[in-house]
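Below: the structure, in structure tokens.
The values are calculated or read from the model by the stated rules, or taken from the named source; none is laboratory data. Everything numeric in this text was worked out from a predicted model, so none of it was measured. Because the Cβ atoms are built from the backbone with ideal geometry, glycine has one as well, and the counts that use them run over all protein chains shown.
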Amino acid sequence: MSWPADITPARPELRGRSLLTLQRHTPADVAAILDLADELKGRERPWPQLLAGRVIGLIFERPSTRTRVSFESGIARLGGSPVTLHSRDLQLGRGETIEDTGKVLGRMLDALVLRTGAHETLEELDAAAAVPVINGLTHAHHPCQALADAMTLRERFGDLQGLPVAWVGDGNNVCVSLLIVGALTGMRITAATPPGYEPPAEVVEWADATGRQLGGAARATHDPTEAASGAAAIYTDTWVSMGDEEEAAARRASFEPFQLDDAMLDSAGPNAVALHCLPAHHGEEITYDVLHGRRSAVWDQAENRLHAQAALLAHALA
Ligand code: CP
Ligand code: NVA
């Protein structure tokens, strides 16, 4: 299938590619996805039918609002058909293995998106299915979120090279994926977490070494004030991710000094924005006023899931 003449041609390196983490993608891969996402967002509907005739499976082992609806909407707008599958309705829920499930679904569908807990489950699906597999969130990574985050920051600030970005809160899946996309776009990211909740040291080291080639950097601290100072954006996420529920009380106690409120935003750069991947817990990791205030980029961030993932799939399948 060829692209309409007015759409940026697909990047051959992205064709047929899975996305488990962005760590094996290059800065040019990320730029190509974001450029197409911008084109789709700026385009009058209807969108070019880049996924006409393609059927894409979305498997959810955990709940989702944004990931599910943005994929379903983006696929439909590009002329493809989504098939949403909840694990409780699949034989997966009765003990069929992910390997066997992947082998079968890969013969019927053109790509698979999976939201699951263990990252290894996603890797097993990718190894078994003969089609591109996309990470719709694991406990370790959330790369689709990171693409929308980078798109949102580009919209606000233009070039991302050298952009100071603070993460405050849990060094979780969203933090890890931000560090990775930040390295591939040259952001300078400081991740502030309580002791014991740092992002994995190997990810910070990789992001710092990779990011430095583009004028970026990555480092971890335990001081939210230091991270926020002078930042162009302050990003936070829930203190209790899916799968961490048993630790909820201890986490809430540890994370209290890391709340993103107006005072923290005031200490950032003059045009600083607040980021949150959602769902938010008002009065915990972010105040209602910041989330819904004039310095919030959160709603653009959520919308951009649609454009970024549509671009990702178009590059992989068109
Ligand atoms: N941010 C995000 O992934 O949201 P959902 O859990 O609603 O998909
Ligand atoms: N860190 C959160 C993100 C939800 C979109 C979680 O994993 O639950």
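Taken as a whole, region 23-41 holds no residue that is buried (at least 21 other Cβ atoms within 10 Å of the Cβ), more than 16 Å from the chain's Cα centre (by Cα), within 25 Å of HIS141 (Cα to Cα) and of a type in the set (Val, Ile, Thr). Could you count how many residues in region 219-245 are more than 18 Å from the chain's Cα centre (by Cα), among the aliphatic types (A, V, I, L, M) and assigned to a loop (DSSP other than H, G, I, E, B)? Summing the residues that are more than 18 Å from the chain's Cα centre (by Cα), among the aliphatic types (A, V, I, L, M) and assigned to a loop (DSSP other than H, G, I, E, B) in region 219-245 gives 2. Does region 263-271 contain at least one residue that is surrounded by 14 or more Cβ atoms within 10 Å (Cβ to Cβ), closer than 22 Å to GLU226 by Cα and polar (S, T, N, Q)? Yes, region 263-271 has at least one match. Looking across region 40-80 at every residue that is modelled with pLDDT under 95 and out of contact with any Leu (no Cβ under 9 Å at 6 or more places or on another chain), the one that is farthest from ligand 1 (Cβ to nearest atom) is identified as GLU44. Would you check which residues across region 247-276 are of a type in the set (D, E, K, R) and assigned to a helix (DSSP H, G or I) and list them? Matches in region 247-276: GLU247, ARG251, ARG252, GLU256, ASP262, ASP266. The condition of being within 15 Å of ligand 2 (Cβ to nearest atom), surrounded by fewer than 19 Cβ atoms within 10 Å (Cβ to Cβ) and farther than 29 Å from TRP299 by Cβ holds for only one of ALA52, ALA118, that being ALA118. What do you reckon, is SER241 within 16 Å of ligand 1 (Cβ to nearest atom), surrounded by fewer than 23 Cβ atoms within 10 Å (Cβ to Cβ) and of a type in the set (S, T, N, Q)? Considered against the rule, which asks whether it is within 16 Å of ligand 1 (Cβ to nearest atom), surrounded by fewer than 23 Cβ atoms within 10 Å (Cβ to Cβ) and of a type in the set (S, T, N, Q), SER241 comes out as yes.
Evaluating ASP300 against the criteria (1) away from ligand 1 (no atom under 16 Å from the Cβ); (2) touching a Ser or Thr at 6+ places or on another chain (Cβ under 6 Å); (3) not aliphatic (A, V, I, L, M) leaves one unmet condition, (1).
Residue check: ALA280 meets all listed conditions (1) part of a helix (DSSP H, G or I); (2) within 16 Å of ligand 1 (Cβ to nearest atom) but one, namely (1).
Inclusion of VAL83 among residues that are touching a strand residue (DSSP E or B) at 6+ places or on another chain (Cβ under 6 Å) and within 16 Å of ligand 1 (Cβ to nearest atom) is not warranted. When ALA232, ALA207 are checked against the criterion of being within 30 Å of ALA111 (Cβ to Cβ), touching a helix residue (DSSP H, G or I) at 6+ places or on another chain (Cβ under 8 Å) and of a type in the set (Gly, Ala, Ser), ALA207 stands alone in meeting it.
List the helices (runs of 4 or more DSSP H) inside region 1-119, counting only whole elements, that have at least 1 residues being polar (S, T, N, Q).
Details: elements: 27-42, 66-77, 98-108.
Qualifying helices (runs of 4 or more DSSP H): 66-77, 98-108.
Determine whether region 252-270 contains at least one residue that is modelled with pLDDT of 95 or more, in contact with a Ser or Thr (Cβ under 8 Å, 6 or more places away or on another chain) and among the small types (Gly, Ala, Ser). So far as region 252-270 goes, yes, one or more of its residues are modelled with pLDDT of 95 or more, in contact with a Ser or Thr (Cβ under 8 Å, 6 or more places away or on another chain) and among the small types (Gly, Ala, Ser).
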